[in-house]
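Pasting in a structure now, in structure tokens, and then I'll have a few things to ask.
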There are 4 protein chains.
Amino acid sequence: MSISDALEREIGEARAQSASTLRPTVPALEEILFQPIPLLDHGFLRVIDYMGDDAAVVQAARVSYGRGTRKVSEDRGLIHYLMRHWHSTPFEMATIKFHVKLPIFVARQWIRHRTASVNEVSARYSVLDREFYVPAPDQLKAQSSINRQGRGEALGADEARQVMELLRADGERAHADYAWMLNEDDDGQRLDAARDGLARELARINLTLATYTQWYWKTDLHNLMSFLRLRADSHAQHEIRVYAEAMSAVMARWVPLTHEAFLEHRLGAATFSASALKALRRMVDGERVDEATSGLGAREWREMQAALRGE
Amino acid sequence: MSISDALEREIGEARAQSASTLRPTVPALEEILFQPIPLLDHGFLRVIDYMGDDAAVVQAARVSYGRGTRKVSEDRGLIHYLMRHWHSTPFEMATIKFHVKLPIFVARQWIRHRTASVNEVSARYSVLDREFYVPAPDQLKAQSSINRQGRGEALGADEARQVMELLRADGERAHADYAWMLNEDDDGQRLDAARDGLARELARINLTLATYTQWYWKTDLHNLMSFLRLRADSHAQHEIRVYAEAMSAVMARWVPLTHEAFLEHRLGAATFSASALKALRRMVDGERVDEATSGLGAREWREMQAALRGE
Amino acid sequence: MSISDALEREIGEARAQSASTLRPTVPALEEILFQPIPLLDHGFLRVIDYMGDDAAVVQAARVSYGRGTRKVSEDRGLIHYLMRHWHSTPFEMATIKFHVKLPIFVARQWIRHRTASVNEVSARYSVLDREFYVPAPDQLKAQSSINRQGRGEALGADEARQVMELLRADGERAHADYAWMLNEDDDGQRLDAARDGLARELARINLTLATYTQWYWKTDLHNLMSFLRLRADSHAQHEIRVYAEAMSAVMARWVPLTHEAFLEHRLGAATFSASALKALRRMVDGERVDEATSGLGAREWREMQAALRGE
Amino acid sequence: MSISDALEREIGEARAQSASTLRPTVPALEEILFQPIPLLDHGFLRVIDYMGDDAAVVQAARVSYGRGTRKVSEDRGLIHYLMRHWHSTPFEMATIKFHVKLPIFVARQWIRHRTASVNEVSARYSVLDREFYVPAPDQLKAQSSINRQGRGEALGADEARQVMELLRADGERAHADYAWMLNEDDDGQRLDAARDGLARELARINLTLATYTQWYWKTDLHNLMSFLRLRADSHAQHEIRVYAEAMSAVMARWVPLTHEAFLEHRLGAATFSASALKALRRMVDGERVDEATSGLGAREWREMQAALRGE
């Protein structure tokens, strides 16, 4: 993790100032507020602010139900009910804001989640740090032969070493040439008085997708779960999944009941199609069903079997 | 259905003018373009315009997969795959626009779907027609004792008759008093030269939620399905469900492959929680599981049983 | 204002419990947290929760500008700059949540602002209170003869009195018949043992648009300003403007610098078209320009004159 | 422009098939439908589909105004009125879909516009083409000394030549190493039977931000104008502005009245703050006002002067 001295000072100062508030407050989240969680080789994630808690979800749901059912449900049961029945608006009532440092190729996947607010470092204004992601050796894998978009087996040691060297060398060169074109060293000093230096918005086009960027990213609990459902999934690319898992752990501190319900009814759940339900009914009734007699395609059959095995 | 002469003329003219286009065109939808489908006692739904078809969904999905998989999938299989795996962006590439006449209480449920574009008649500018919804006698039911938000058994004949008379009388009076306050008859003529008439934006507050309004409503195929998933469901209020079912029939004309996949993987599908999957596994393995031993709450157990019975 | 005893107790309890937080906290907003601000005859607005402050806007903007400009701008100047140049994302970083009680016709205008989260009392679950809006006598005005959507001159005293009586009588009757159809008195007791009572979702269609509803409404600072720009404007209907003005006062407590910049660059500002700019240039150069020689239409000319007079 | 043979064939086929439709059709847009407009060194933009026209905007606006004003306004006047008064929903009723080939750094700016639908080539599935953007020599400029985010004066010939060579060499190397890591040549043939090849999702992190990507991008007319307002502006980075200007030309074919109103009331317009309006009033009244006596900051004063000079 690469945290600047300035940021470290800022965090120290922020954590030294507490205030009194009437707002719902979550001590387990306050404990880690502002603190960076190191991710990948230079990245991090930290919570900057939050609004609401499990009770805020319940409160909003109860407005909708009104007096009629106020006393009926316990909080935990109500949250599970809302999650199981895909109610979304009560979960929109809690909000969280992160500061994230992440490689650009991860940022490109992340930004596809549109229902969020973002302020990213602009490389038109600022010079980016000399930091780029190099995968750990155990992450260097071949294209998967089953999953058309993912990684399969580890590369041989030799090929892995060569790839690693190449990624490092290309990354170094891209950043060195970026600095040369800008005509600036890492401290912002002009390198060569005889040259003007290229505009920042152009010099940065030479950087690779492994370069780190930073942003503030704010979303509500409902949209955070949509993000986690896709990005904490086993089909997500490893590098974004690392961030999603850190966010899932943050979510468990923040809204433990909602997190429990999310694992139960989203991440650990499975949806079966009308045809899959028919096959399942026969299986529950004691019939021996296999792929050929299931009425399902090969892939859907495999997916249903996996879901039943708890995978 | 109450269609003004002006609208009928407009429809006739619009259907008389055809043009040549290079755009994807769906003959089965062109057949009913502009034609009102009567709904409830005075409402209707009609398709005003559309963009894209099943092939537009496939085309967008293939951009994402690129050359690598261009020939592999057949269209139908690809659409089912996208639906099963909750891919949403390719379905956003097709768009449809409706003109709808509907009671205000239905409009209030409908507008909660935020990812759509709406232009509604403004009762600040215009005088609303003297039309309000009165339920058909077979729709007059008591509060459900099971489902806290729905209807249960039919009212007794006497009570039904009294309710009907009351709804009719109150609706008539609200509209008559609206006209009196506006000081305008149905043709816009001043009723009483000695009075000014109340501003439209105020007079309308006296109308009931059964009053009909109209709007143009435009959404994409993905968000149309989100709408249908909630509003064509058996838990939706009857009156909005009538509209959702008409829209579902329109969708079947427009994008038949997507509609088939939608029935299979959304409307006819069921999601089982992590705990429900565990219980299901035991059942498939031949174990006898009942509510008490299932590890599920009473309500979730009932819902799982219903899903397995295909309800 | 009609606040139930239950709500009053809830507010007392909430204001009695303070906690320590590291989050940005705004004492001027904490002062009024949870407290209802009475509006119209039975409505209110109260702040339930908030996240961020003026500094959160600045912080997000500085992430985008990066190190390069960190020290250059003062907070106030930066916020004015962001507002003048229509930067929106930094203002999305602060969030506020309101509990609002409001007439349904106001709710229908309000809900058109789609970028917000809402949980409304559901009249399918709950019985609505016997409360409906009756305008104050000085609000009873005729249709404006200039502005096609607004109010003009006050009604004559006689007509005003008749309108008032009529609104009151119709409102009373609608609520009485609602209770009769539900077969429930105000305390939820069955009125007539021989009747079933009509389902809530149907009985409510007889209520008028003046009936009060409630919701939790959450939005970010950017979208709050979009709301205020339209609804605190002189063309907005009086009844929603009353809410918008209360929210504007809340905003002034919460983010005083942003509020100042909002008045300066949005509410108090004016946009001139390319043609208006040409006319303005001639005027500044000392030429005498009138409507006929301005190159503008009559209405745009009037609007430009009004803007120059500070109206 | 680099268009594959497959795409060229597809375009030929698509343009050969016309159909009859009742939908609003725009002959000037049909003329260029599917045809790529070459942009930058390898990019393009082409219209894939559209829905609606100027009349669709008018039609939606008239629903809101209702009968009351149906005959009053002419279409052109109404569209100008809607634009001047920031009405947005009628412009949401028309939709357009583009296929765009663009450098990744341009895509990163573009995607910040969230109210749109996107399907992008996935470099997890597909191998990207060996194409990267190299600026034309006259675009190689130094950082601006006035505008903190833009370009200023042209680089000296020598420095420009060196920068160009460096961008070209780094781009070539990044793509060559990408192919080597994938262990694939440009035709997808394995380069070295002894190596596995790195997974696509990892190999691509070595590509630079100048690499071309492709996407389908769909938005409505209102959001298209928000895009153009920012990206066809003189402060936008040259490379995205090139795309925005091509889209603006497409818009002029598609909805000529709306385009005219957009130039008049958005691109060619200026907004003056409350303080600027005060200064302006004094100037119009014949007073001699300069920066010191204007009550404005230096930057706002400069911007107001520029707006009055028509810049």
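Among (1) surrounded by fewer than 19 Cβ atoms within 10 Å (Cβ to Cβ); (2) in contact with a strand residue (DSSP E or B) (Cβ under 8 Å, 6 or more places away or on another chain); (3) not polar (S, T, N, Q), which single condition is A:A107 missing?
Checking A:A107 against (1) surrounded by fewer than 19 Cβ atoms within 10 Å (Cβ to Cβ); (2) in contact with a strand residue (DSSP E or B) (Cβ under 8 Å, 6 or more places away or on another chain); (3) not polar (S, T, N, Q), the one that fails is (1).
Report whether or not C:L167 is modelled with pLDDT of 95 or more, facing chain B (nearest Cβ under 10 Å) and assigned to a loop (DSSP other than H, G, I, E, B). Talk me through it step by step, then tell me what you get.
Values: modelled with pLDDT of 95 or more: yes; facing chain B (nearest Cβ under 10 Å): yes; assigned to a loop (DSSP other than H, G, I, E, B): no.
Here the answer is no, as C:L167 does not meet what is asked.
Might you check whether a residue that is modelled with pLDDT of 95 or more, touching a Leu at 6+ places or on another chain (Cβ under 9 Å), aliphatic (A, V, I, L, M) and over 29 Å from C:A269 (Cα atoms) occurs anywhere in the stretch D:76-93?
no
Follow-up question, since we're still on this one. Tally time: how many residues in the stretch D:179-221 are of a type in the set (S, T, Y) and either touching a Gly at 6+ places or on another chain (Cβ under 9 Å) or modelled with pLDDT under 95 (or both)? Can you show your working first?
Our first condition is that a residue be of a type in the set (S, T, Y); within the stretch D:179-221, this holds for D:208, D:211-213, D:216, D:219.
Still in the running and either touching a Gly at 6+ places or on another chain (Cβ under 9 Å) or modelled with pLDDT under 95 (or both): D:208, D:211-212.
Going through the stretch D:179-221 one residue at a time, the tally reaches 3.
Among (1) surrounded by fewer than 22 Cβ atoms within 10 Å (Cβ to Cβ); (2) part of a helix (DSSP H, G or I); (3) under 11 Å from the mean Cα position of the chain (by Cα), where does D:A236 come up short?
Unmet condition: (2).
Out of all the residues in the stretch D:127-142, which are hydroxyl-bearing (S, T, Y) and over 14 Å from D:I104 (Cβ atoms)?
From the stretch D:127-142, those hydroxyl-bearing (S, T, Y) are D:133; that's our starting set.
Of everything in the stretch D:127-142, nothing turns out to be hydroxyl-bearing (S, T, Y) and over 14 Å from D:I104 (Cβ atoms).
Being more than 30 Å from A:I205 (Cα to Cα), in contact (Cβ under 8 Å) with a residue 24 or more places away in the chain and outside the structural domain of D:V106 (by TED's automatic domain parsing) is true for just one of D:A292, D:A279, D:A298. Which residue is that?
Numbers: D:A292 fails: in contact (Cβ under 8 Å) with a residue 24 or more places away in the chain; D:A298 fails: in contact (Cβ under 8 Å) with a residue 24 or more places away in the chain.
That would be D:A279, the only listed residue that is more than 30 Å from A:I205 (Cα to Cα), in contact (Cβ under 8 Å) with a residue 24 or more places away in the chain and outside the structural domain of D:V106 (by TED's automatic domain parsing).
Same structure again: B:L224: at pLDDT 95 or above, out of contact with any helix residue (DSSP H, G or I) (no Cβ under 6 Å at 6 or more places or on another chain) and either more than 14 Å from chain C (Cβ to nearest Cβ) or farther than 30 Å from C:M164 by Cα (or both), yes or no?
Details: at pLDDT 95 or above: yes; out of contact with any helix residue (DSSP H, G or I) (no Cβ under 6 Å at 6 or more places or on another chain): yes; either more than 14 Å from chain C (Cβ to nearest Cβ) or farther than 30 Å from C:M164 by Cα (or both): yes.
Here the answer is yes, as B:L224 does meet what is asked.
Select, from A:E30, A:E13, the only residue that is without any contact (Cβ under 8 Å) to a residue 24 or more places away in the chain, more than 23 Å from C:Q17 (Cα to Cα) and assigned by TED's automatic domain parsing to the domain that holds A:W86.
Unique residue meeting the criteria: A:E13.
Does the stretch B:141-160 hold any residues that are part of a helix (DSSP H, G or I) and either hydrophobic (A, V, I, L, M, F, W, C) or in contact with a Leu (Cβ under 9 Å, 6 or more places away or on another chain) (or both), and which are they? Walk me through it before giving the result.
Start the filter on the stretch B:141-160 by keeping residues that are part of a helix (DSSP H, G or I), which leaves B:157-160.
Listed by number, the residues that qualify are B:A157, B:E159, B:A160.
Within the stretch C:247-256, is even one residue touching a strand residue (DSSP E or B) at 6+ places or on another chain (Cβ under 7 Å), touching a residue at least 12 places away in the same chain (Cβ under 8 Å), crowded, with 20+ Cβ neighbours inside 10 Å and closer than 22 Å to D:R309 by Cα? So that I can check it myself, show each step before the final result.
Start the filter on the stretch C:247-256 by keeping residues that are touching a strand residue (DSSP E or B) at 6+ places or on another chain (Cβ under 7 Å), which leaves C:247, C:250, C:254.
Those left that are additionally touching a residue at least 12 places away in the same chain (Cβ under 8 Å): C:247, C:250, C:254.
Adding the requirement that they be crowded, with 20+ Cβ neighbours inside 10 Å leaves C:247, C:250, C:254.
Filter once more, keeping what is closer than 22 Å to D:R309 by Cα: none.
No: the stretch C:247-256 contains no residue that is touching a strand residue (DSSP E or B) at 6+ places or on another chain (Cβ under 7 Å), touching a residue at least 12 places away in the same chain (Cβ under 8 Å), crowded, with 20+ Cβ neighbours inside 10 Å and closer than 22 Å to D:R309 by Cα.
Okay, next question. Quick one: in the stretch D:135-149, of everything that is surrounded by fewer than 20 Cβ atoms within 10 Å (Cβ to Cβ) and in contact (Cβ under 8 Å) with a residue 60 or more places away in the chain, which residue is farthest from the other protein chains (Cβ to nearest Cβ)?
D:A136
A follow-up question, please. Mind listing whichever residues of the stretch B:112-140 are outside any loop (DSSP other than H, G, I, E, B), at pLDDT below 95 and charged (D, E, K, R)?
Scanning the stretch B:112-140 gives a single hit, B:D138.
How many of the residues making up the stretch B:48-59 are touching a Leu at 6+ places or on another chain (Cβ under 8 Å) and surrounded by fewer than 22 Cβ atoms within 10 Å (Cβ to Cβ)?
Residues flagged as touching a Leu at 6+ places or on another chain (Cβ under 8 Å) and surrounded by fewer than 22 Cβ atoms within 10 Å (Cβ to Cβ) within the stretch B:48-59 amount to 1.
How many of the residues making up the stretch B:1-27 are more than 13 Å from chain D (Cβ to nearest Cβ) and of a type in the set (A, V, I, L, M, F, W, C)?
Adding up the residues that qualify gives 2.
Could I ask something else about it? Answer yes or no: is there a residue in the stretch D:301-311 that is among the aliphatic types (A, V, I, L, M), assigned to a loop (DSSP other than H, G, I, E, B) and within 26 Å of D:F91 (Cβ to Cβ).
Scanning the stretch D:301-311 turns up no residue that is among the aliphatic types (A, V, I, L, M), assigned to a loop (DSSP other than H, G, I, E, B) and within 26 Å of D:F91 (Cβ to Cβ).
Starting from residues that are of a type in the set (A, V, I, L, M), within 8 Å of another protein chain (Cβ to nearest Cβ) and outside any helix (DSSP H, G or I), keep the ones in the stretch A:174-212 and report whichever is farthest from the chain's Cα centre (by Cα).
Looking at the filtered set, the residue picked out is A:L198.
Just a yes or no: is a residue in the stretch D:264-272 assigned to a helix (DSSP H, G or I), out of contact with any Lys or Arg (no Cβ under 8 Å at 6 or more places or on another chain) and acidic (D, E)? Show your work before the answer.
Residues of the stretch D:264-272 that are assigned to a helix (DSSP H, G or I), as a first pass: D:264-267.
If we keep only those that are out of contact with any Lys or Arg (no Cβ under 8 Å at 6 or more places or on another chain) as well, we get D:264.
Filter again for acidic (D, E), leaving D:264.
Yes, the stretch D:264-272 contains a residue that is assigned to a helix (DSSP H, G or I), out of contact with any Lys or Arg (no Cβ under 8 Å at 6 or more places or on another chain) and acidic (D, E).
A follow-up question, please. All but one of (1) under 20 Å from the mean Cα position of the chain (by Cα); (2) without any contact (Cβ under 8 Å) to a residue 60 or more places away in the chain; (3) surrounded by 21 or more Cβ atoms within 10 Å (Cβ to Cβ) hold for D:S273; which doesn't?
Unmet for D:S273, out of (1) under 20 Å from the mean Cα position of the chain (by Cα); (2) without any contact (Cβ under 8 Å) to a residue 60 or more places away in the chain; (3) surrounded by 21 or more Cβ atoms within 10 Å (Cβ to Cβ): (1).
Of the conditions (1) modelled with pLDDT of 95 or more; (2) in the same structural domain as B:L7 (by TED's automatic domain parsing), B:H175 clears all except one; give me its number.
For B:H175, the exception is condition (2).
Any residue in the stretch D:57-67 that is touching a Pro at 6+ places or on another chain (Cβ under 6 Å), in contact (Cβ under 8 Å) with a residue 60 or more places away in the chain, farther than 25 Å from D:I240 by Cα and not in a helix (DSSP H, G or I)?
Initial filter on the stretch D:57-67 (touching a Pro at 6+ places or on another chain (Cβ under 6 Å)): D:57, D:60-61.
Those left that are additionally in contact (Cβ under 8 Å) with a residue 60 or more places away in the chain: D:57.
Add one more test, that the residue is farther than 25 Å from D:I240 by Cα, and what stays is D:57.
After this cut, where a residue has to be not in a helix (DSSP H, G or I) as well, the list is none.
The answer is no; no qualifying residue exists.
Name the one entry in C:L78, C:L102, C:L39, C:L45 that is under 21 Å from A:K218 (Cβ atoms), among the hydrophobic types (A, V, I, L, M, F, W, C) and in contact with a helix residue (DSSP H, G or I) (Cβ under 9 Å, 6 or more places away or on another chain).
Details: C:L102 fails: under 21 Å from A:K218 (Cβ atoms); C:L39 fails: under 21 Å from A:K218 (Cβ atoms); C:L45 fails: under 21 Å from A:K218 (Cβ atoms).
Result: C:L78 is the single residue among C:L78, C:L102, C:L39, C:L45 that is under 21 Å from A:K218 (Cβ atoms), among the hydrophobic types (A, V, I, L, M, F, W, C) and in contact with a helix residue (DSSP H, G or I) (Cβ under 9 Å, 6 or more places away or on another chain).
Of all residues in the stretch B:88-132, count the ones that are free of Cβ contacts under 8 Å to residues at least 40 places away in the same chain and more than 7 Å from chain D (Cβ to nearest Cβ).
Within the stretch B:88-132, the first condition is being free of Cβ contacts under 8 Å to residues at least 40 places away in the same chain, and the residues that meet it are B:90, B:111-112, B:114, B:122.
Right, trim to more than 7 Å from chain D (Cβ to nearest Cβ) and you get B:111-112, B:114.
The number of residues fulfilling the criteria is 3.
Next up: Inspect all residues belonging to the stretch B:43-59 and state whether any of them is within 7 Å of chain D (Cβ to nearest Cβ) and more than 26 Å from the chain's Cα centre (by Cα).
Within the stretch B:43-59, not a single residue is within 7 Å of chain D (Cβ to nearest Cβ) and more than 26 Å from the chain's Cα centre (by Cα).
For the stretch C:258-292, what are the residues that are of a type in the set (S, T, N, Q) and at the interface with another protein chain (Cβ under 7 Å from one of its Cβ atoms)?
Within the stretch C:258-292, the first condition is being of a type in the set (S, T, N, Q), and the residues that meet it are C:258, C:271, C:273, C:275.
Within the stretch C:258-292, C:T271, C:S273, C:S275 qualify.
If a residue must be in contact with a Phe, Trp or Tyr (Cβ under 6 Å, 6 or more places away or on another chain) and in a loop (DSSP other than H, G, I, E, B), how many such residues does the stretch D:1-39 contain?
Number of matching residues: 3.
I'd like to verify a number: residues in the stretch D:283-300 that are in a loop (DSSP other than H, G, I, E, B), exposed (fewer than 10 other Cβ atoms within 10 Å of the Cβ) and not acidic (D, E), how many?
Initial filter on the stretch D:283-300 (in a loop (DSSP other than H, G, I, E, B)): D:285-290, D:295-297.
Applying the additional criterion that residues be exposed (fewer than 10 other Cβ atoms within 10 Å of the Cβ) yields D:286, D:288, D:290.
After this cut, where a residue has to be not acidic (D, E) as well, the list is D:286, D:288.
Total meeting the criteria: 2.
The values are calculated or read from the model by the stated rules, or taken from the named source; none is laboratory data. Just so we're clear, the structure is a prediction, and the values are computed from it rather than from any experiment. Quick reminder, even Gly has a Cβ in these numbers, built from the backbone with ideal geometry, and neighbours come from all protein chains shown.
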